[in-house]
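The values are calculated or read from the model by the stated rules, or taken from the named source; none is laboratory data. The shown structure was predicted, so the numbers you read here are calculated from the model rather than taken from an experiment. All Cβ positions, even for glycine, are placed from backbone atoms using ideal geometry, and neighbour counts span all protein chains on display. Just so you know, the surface numbers come from the protein's heavy atoms only, side chains and all, with ligands and any DNA or RNA stripped out. Shrake-Rupley method; radii C 1.70, N 1.55, O 1.52, S 1.80 Å.
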Amino acid sequence: MSASINALFSATTASTTATATKWKPAGGAAEAEGTWKAASNAGSSSGSAALAALKGEDSVELSGLAKSLTGVAGKVFASIGSKGRAMLEDFVKSGKMTEKDVALGLRQLATGAVKDRFVKERPQDDEDKEWADKVGVAEKAFKTKMERMDKAMSALNEARTAAYAAYETDKDVEALQAAMTPANDRFRQETADIDREEKEAAGGDPNQIKGMAFGHFLKKGEEEFGKLDFGAEAEGSEGGLLKLDDKKGEAAAKLMSDLGFTAKFYKKGLADYAADVNIPGVGRGQVDKSHMRPEDFEPSAKEEAEAAGLPPPPTTVLTTSQTPGLQGFAKVIQDARDSLDATYTAMAKEGKGVNYSDPTGKDVDRLFGGFDRRSLHAIASNKDGTFSKNEQEAAQSIMARQQKDAMDAADPLGTDKAAAYRAGVKFLDGASQEEKESVNWSVQRAALQYSYEKTTKETGAPMERLGNGSALASVLKDALEAQDAQAGDVMKSVGGKATGGEGTGYVSDLKSLSLFRDFLPNLSVRGAGGPMSVTV
């Protein structure tokens, strides 16, 4: 994970943190603190009002299920697209689910979506900032380590080049080994020192620190979420949000998923709903569409209404900058663009042009050296056409080099390819969610995992189970297995200059790979949600 915690969580001061309140019973004996209690039955009509907006000007009669859903369930149902609503109605008509089951499942989805938004966007207190600072220190130590590893690797490669040049002349194996021994010993000592000093600078293992920080933010966010009073979102005796561990809600949501009501049908609508919830201490939010690929999700009710020229379902949102929390990918893109433009301007004032072809790479390092992996991916993928071809290729090259560095560090002598491939998989698994959703990520991970497993089988060494990574990566690995491809050919095809291939190694179109020019795998298998796009 290369992005700092400060990019994942806001730096809002403790003074802005709202005092958490408990659920208030409508009357009678006080409820235990932290319990979830419906306020009353009086407000349950708002869900029906939201559903009424679906009728449009033609006054189409609402279905029986739509009429039965009130409160939170009614709002979520009103937000999802027509295909998702039709699917849920079919579940009820066919007897696969009851109306009550559907309502419970929708409330469970709503609870999870609002909780996730709160965890990301809640104001931070001093304890949160301490963890964010720890992660910042760990990130800095990791960056220093990688810079030092680059230099150590360069020195080792220089010694190796000289030794092999001499060997090509005299073919003296003993002389070759004698020449490489001090260089190898020096490299081992340097890497040990680098690892030790990284942990000293970070105050421990950087990966453990980041993992503990993630666990802290998640646990604390869920604990604070359980104390909130959502007022209108608790409307109706059975119409509000649920407890986080509500077993009946979890069972109902699982049943809907098992029957085919997957995220594709509700993700956009659920995001619209969650963004419009006025979370205590956070407010309303804005749907972050940077994680959504339109071809993978059905349109929400809002999108369908806009396409039909009808008024969209009522919703009020704030801009990302108005709500603390996870920096949206659009902001990452804009920040990267602003940073590059500022550096171009500074270089122009110094009377310097930008030479992307300079073999020393000094201009590229100046332009891109301060970017974390998430920012590099924003430039490399160029989702909205913000970046030039030179900028994309530079970012792609740096990403490939980072991956190669991680692999070289695991196999410094070039004698344990399996260790290098495994390290490459582990490196990619630490990428941002946006990168993991790209074709390039799935291609690289599939190639590395396939090469790791094939090499391990050939050597008879113990094999670690590395998981699938993504649906697309799993399909691609299966395709490589079907071809019984050679690991060297696979890595050359996807690896780019860093590992002997051509170009930057960044894959945006599967058909551009020699591996799949004549054999494109079926991308609709393994429950991937239908046919998948092969281009970013």
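Lys96 satisfies every condition listed in (1) open to solvent by 20 Å² or more (accessible area, probe 1.4 Å); (2) assigned to a helix (DSSP H, G or I); (3) not acidic (Asp, Glu) except (2).
Residue count for the range 433-464, restricted to those that are open to solvent by 30 Å² or more (accessible area, probe 1.4 Å) and either aromatic (Phe, Trp, Tyr) or in a loop (DSSP other than H, G, I, E, B) (or both): 6.
Conditions (1) at pLDDT 90 or above; (2) open to solvent by less than 40 Å² (accessible area, probe 1.4 Å), marked per residue:
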| residue | (1), (2) |
| --- | --- |
| Ala253 | yes, yes |
| Asp258 | yes, no |
| Phe261 | yes, yes |
| Lys267 | yes, no |
| Asp272 | no, yes |
| Ile279 | no, yes |
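Restricting to the range 366-379, give me the number of residues that are open to solvent by 60 Å² or more (accessible area, probe 1.4 Å) and either over 25 Å from the mean Cα position of the chain (by Cα) or farther than 24 Å from Lys436 by Cα (or both).
1
Scan the range 183-203 residue by residue and report those that are small (Gly, Ala, Ser), in contact (Cβ under 8 Å) with a residue 40 or more places away in the chain and either open to solvent by less than 40 Å² (accessible area, probe 1.4 Å) or touching a strand residue (DSSP E or B) at 6+ places or on another chain (Cβ under 6 Å) (or both). Correct list: Ala202 only. Being open to solvent by 70 Å² or more (accessible area, probe 1.4 Å), modelled with pLDDT of 90 or more and farther than 30 Å from Gly221 by Cα is a condition met by no residue of the range 163-180. If the condition is being touching a Pro at 6+ places or on another chain (Cβ under 9 Å) and under 16 Å from Ile80 (Cα atoms), then the range 274-289 contributes only Asp276. For residues that are open to solvent by less than 40 Å² (accessible area, probe 1.4 Å) and not polar (S, T, N, Q), scanning just the range 294-311, find the one that is modelled with the lowest pLDDT. Only one residue tops the list, namely Ala305. Working only within the range 63-78, note down all residues that are open to solvent by 20 Å² or more (accessible area, probe 1.4 Å) and assigned to a helix (DSSP H, G or I). Matches in the range 63-78: Gly64, Lys67, Ser68, Lys75.
Leu520 meets all of the listed conditions (1) modelled with pLDDT of 65 or more; (2) open to solvent by 50 Å² or more (accessible area, probe 1.4 Å); (3) more than 25 Å from the chain's Cα centre (by Cα) but one, namely (1).
Residues in the range 409-432 that are under 20 Å from Glu139 (Cα atoms) and either open to solvent by 50 Å² or more (accessible area, probe 1.4 Å) or touching a residue at least 60 places away in the same chain (Cβ under 8 Å) (or both): Ala409, Lys426, Phe427, Asp429, Gly430, Ala431, Ser432. Look at the range 132-161: where a residue is over 20 Å from Gly361 (Cα atoms) and open to solvent by less than 40 Å² (accessible area, probe 1.4 Å) and a partner is assigned to a helix (DSSP H, G or I) and acidic (Asp, Glu), sitting 6+ places away or on another chain with Cβ atoms under 7 Å, you get Ala141/Glu198.
Looking at Phe387 and the list (1) touching a residue at least 12 places away in the same chain (Cβ under 8 Å); (2) among the hydrophobic types (A, V, I, L, M, F, W, C); (3) under 25 Å from Ala485 (Cα atoms), which single condition is not satisfied? Exception for Phe387: condition (3).
Could you go through the range 340-357 and let me know if any residue there is part of a helix (DSSP H, G or I), closer than 23 Å to Glu434 by Cβ and of a type in the set (Phe, Trp, Tyr). Within the range 340-357, not a single residue is part of a helix (DSSP H, G or I), closer than 23 Å to Glu434 by Cβ and of a type in the set (Phe, Trp, Tyr). Look at (1) more than 23 Å from Gly414 (Cβ to Cβ); (2) polar (S, T, N, Q); (3) surrounded by 15 or more Cβ atoms within 10 Å (Cβ to Cβ) and you find that Gln208 fails only one, number (3).
When the criteria are applied in full, Gln392 meets the requirement of being in a helix (DSSP H, G or I), open to solvent by 20 Å² or more (accessible area, probe 1.4 Å) and within 17 Å of Ile333 (Cβ to Cβ). Mind checking whether some residue in the range 110-124 is within 36 Å of the chain's Cα centre (by Cα), surrounded by fewer than 17 Cβ atoms within 10 Å (Cβ to Cβ), β-branched (Val, Ile, Thr) and within 30 Å of Ala274 (Cα to Cα)? Within the range 110-124, not a single residue is within 36 Å of the chain's Cα centre (by Cα), surrounded by fewer than 17 Cβ atoms within 10 Å (Cβ to Cβ), β-branched (Val, Ile, Thr) and within 30 Å of Ala274 (Cα to Cα). Scanning the range 336-365 for residues that are surrounded by 11 or more Cβ atoms within 10 Å (Cβ to Cβ) and within 27 Å of the chain's Cα centre (by Cα) gives Ala336, Arg337, Ser339, Leu340, Val364, Asp365.
Residue pairs whose Cβ atoms lie under 6 Å apart, separated by 6 or more positions or on different chains, with the first residue in the range 216-227 and closer than 21 Å to Asp133 by Cα and the second part of a helix (DSSP H, G or I) and open to solvent by less than 70 Å² (accessible area, probe 1.4 Å), are His216/Trp131; Gly221/Val119. List every residue pair whose Cβ atoms sit under 6 Å apart, with the two residues 6 or more apart in sequence or on different chains, where the first one lies in the range 355-371 and is in contact (Cβ under 8 Å) with a residue 12 or more places away in the chain and the second, anywhere, is assigned to a loop (DSSP other than H, G, I, E, B). Sorted first by the residue in the range 355-371, then by its partner, the pairs are Asp363/Val354; Asp363/Asn355.
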